[in-house]
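Report on the following structure.
What follows draws every value from the coordinates through simple rules; no lab data is involved. Computed from a predicted model, the values in this text were never measured in an experiment. So basically every Cβ, Gly included, is an ideal-geometry build from the backbone, and we count neighbours across all protein chains shown.
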Amino acid sequence: MIQLTDEIKTSLDGTRLVFLATASKGGRPNVVPIGAFKLLDDKTLLISDQFFNKTLANMRENPQVAISFWGEKGGFQLKGTVTVHTDDDIFAQDVTWMKELRPALVPKSAVVMTITDVYIIKAGPDAGKQIL
């Protein structure tokens with residue numbers, strides 16, 4: 001299992017919007033912007049779900065996802081698997097976090113992404129290179 005570097009964590013922390021890609025079991029893609037996310041530790045990301053429809057259906061059929069973002073340290077793509085939580089401690093943590101961050105939003109589920117791969121997406125000779 002990988003552990004994110006400080007450079008990647010700093011870049012993600014400075015990012016306000018990431019793009020989450022999912023695919024149905026049959027391979028039909030879907031990409032959505034996400035503003036409510038945070039690292040839980042060096043290898044997992046919490047994503048708060050208030051509006052997922054196709055995204056949630058895709059994650060239930062196919063837990064493989066990718067997130068792409070551009071931060072102060074450049075661009076990265078994170079790939080991994082997700083679990084969806086609706087009635088446990090992780091979901092309760094998400095609800096509490098959202099009450100502090102954006103009180104008007106009410107989570108439907110909490111999505112935990114276990115990061116398995118990291119790629120560089122900035123232009124140059126290393127574009128697309130897997131780094132973790």
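Among Phe52, Phe37, Phe76, the residue with the largest mean-square fluctuation in a Gaussian network model of the chain, with springs joining Cα atoms closer than 10 Å, is Phe52.
The label point for Asp13 and the one for Asp126, both projected 7 Å from the Cα toward the Cβ, are 2.0 nm apart.
At full extension, Lys54 and Thr83 could sit 8.9 nm farther apart than now, given 0.36 nm per residue minus the alpha carbon distance.
Pairs to check: Lys43/Lys129; Lys99/Lys129; Lys99/Lys122; Lys25/Lys99. Give those whose C-alpha atoms are more than 30 Å from each other in this structure. Flagged as over cut-off: Lys99/Lys129; Lys99/Lys122; Lys25/Lys99. Taking every alpha-carbon pair under 8 Å whose residues sit at least 6 apart, the chain reaches a relative contact order of 26 percent. Springs between Cα atoms under 10 Å define the GNM used for the chain, and in it the highest mean-square fluctuation of Ile67, Ile34, Ile115 occurs at Ile34. Charges were assigned to the Cβ only: +1 to each Lys and Arg, -1 to each Asp and Glu. The resulting dipole of the chain about its Cα centre is roughly 520 debye. Of all stretches in the chain that contain no trypsin sites (Lys or Arg not before Pro) in a DSSP loop with at most 13 other Cβ atoms within 10 Å, the longest one is 26-121. Given a 10 angstrom Cα cut-off, can you work out which residue in Pro29, Pro103, Pro63 is the most mobile in a GNM of the chain? Of Pro29, Pro103, Pro63, the most mobile in the Gaussian network model is Pro103. 3J(HN,Hα) along the range 2-11: 8, 10, 5, 6, 4, 4, 5, 4, 5, 4 Hz, from the Karplus curve 6.51 cos²θ - 1.76 cosθ + 1.60 with θ = phi - 60°, whole Hz, x for Gly and Pro. Multiplying the residue separation of Glu100 and Lys25 by 0.36 nm and removing their Cα-Cα distance gives an extension gain of 23.5 nm.
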